[in-house]
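Taking it in order: structure first as structure tokens, then the write-up.
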Amino acid sequence: MQVRLARGRKEPQVGIYRRGRIWWIDFYDQNRNRIQESSHSSRKRDAEALLNLRKAEVLRGVFRRPVRITLGEFGERYLEYARANKRSWQRDQQMLERLKEFFGMKRPLTEIGVADVENYKLHRRKAVSGSTVNRELALLKRMFNLAAAWGLYSEANPVKQVKFFREFNTGTRVLSGEEERRLLQNAAPYLQDLVRFALHTGLRVGEIFSLRWSHVDWERGILTVYAAKTGKVREVPLNADALQVLRAWGQNRRNEFVFYNPRTGKPFVDLKAGFRQACRKAGIEGVTWHTLRHTFASRLVNCGVDVVTVQELLGHSSLTVTMRYTHTHLRAKREAVQQLSRFGDNWVTVGPSLPQKAAPLSPGAPVTTLAGSC
């Protein structure tokens, strides 16, 4: 189908132009509506190819004007979806705020290109860990996929072309007693309390943020924890250190939440900046807030607490998950293998050549075996 023009009217002008580093195309659709569209590319030939594609769609009468839904508008739709389908939707809400701060609420999805996502990736890496940036990029990628599935976005997902940061396995990282001391010395007063509370309760950071005074049973010394991640409720006994922190914060209650930002009086939404600063001052590397939870579990296991009890305290739905937190310290491993030295006199030492046979035992001589001697 060709575009029919009134007699005497000229063919509308089409072309490409550059806005900043990105090339844009300018054309008219079959209804004579002017369309300006980003190619999301800094290469002129990409814009030319897109323009030729759009011109062909117009000639066939199949071109559809792109829906210019903004990041802010789609963000609201996504949160409605997340609240109904995800237990951890509040985490998505926090990450979405970071995205809106950078891109802008009024930025159309069609104007967010690969270069923009790369800039966001580098910008956020200056403030947070690579794994955190990856989680935020994963959310943005998911949002573009949903927008396409809901008919609100028809272009290529720009996040798919962005390489995520490499993540290293820090699952076995725990704080030593000396590191804990240095961390507390270099942390702000409010952060000292939160670190101590995390080390003595094993709560997730989100569980600490959402903790209310109504969840504290002073008489029994029990904390009722509502886990957003698993949707389950568990009871965590409070030891003397955890109770001391609660009593201190209870003297200056401002609202129903136990812990709040001393500057705003509102519940915490993030502790990463203050925690990273304290770790940097203390000279501690490879540590995240989740390391505190890992340290809690590791210390319990090394004190002889059975894994099932640790699982219940952590609120894990599977024992397999808890096993990741239960590793033996190097000193304990060294002590274990040192037990073998007791049997040194009963081994036959051979050189790097062929193995040699031990001298035959005389009849009736006692035989010492490794198994059953430990």
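The values are calculated or read from the model by the stated rules, or taken from the named source; none is laboratory data. Everything numeric here is computed off the predicted structure, so don't read it as measured data. Counting neighbours? That spans all protein chains shown, and the Cβs are built from the backbone with ideal geometry, glycine included.
Worth pointing out:
- Selection status of residue 237, surrounded by 11 or more Cβ atoms within 10 Å (Cβ to Cβ), within 14 Å of residue 190 (Cα to Cα) and not aliphatic (A, V, I, L, M): no
- Any hit, segment 217-226, residues being part of a helix (DSSP H, G or I) and either modelled with pLDDT of 90 or more or under 15 Å from residue 292 (Cβ atoms) (or both): no
- Members of segment 147-163 that are touching a residue at least 40 places away in the same chain (Cβ under 8 Å), surrounded by 15 or more Cβ atoms within 10 Å (Cβ to Cβ) and not hydroxyl-bearing (Ser, Thr, Tyr): 147, 152, 155, 158, 159, 162
- Residue 259 meets the stated requirement of being surrounded by 19 or more Cβ atoms within 10 Å (Cβ to Cβ) and in contact with a strand residue (DSSP E or B) (Cβ under 8 Å, 6 or more places away or on another chain).
- Checked against the criteria, residue 179 does not count as more than 22 Å from residue 311 (Cα to Cα) and either free of Cβ contacts under 8 Å to residues at least 12 places away in the same chain or assigned to a loop (DSSP other than H, G, I, E, B) (or both).
- Test: residue 155 is part of a helix (DSSP H, G or I) and out of contact with any Asp or Glu (no Cβ under 8 Å at 6 or more places or on another chain): no
- Qualifying residue in segment 304-316 (condition: in contact with a helix residue (DSSP H, G or I) (Cβ under 9 Å, 6 or more places away or on another chain), surrounded by 12 or more Cβ atoms within 10 Å (Cβ to Cβ), small (Gly, Ala, Ser) and modelled with pLDDT under 90): yes
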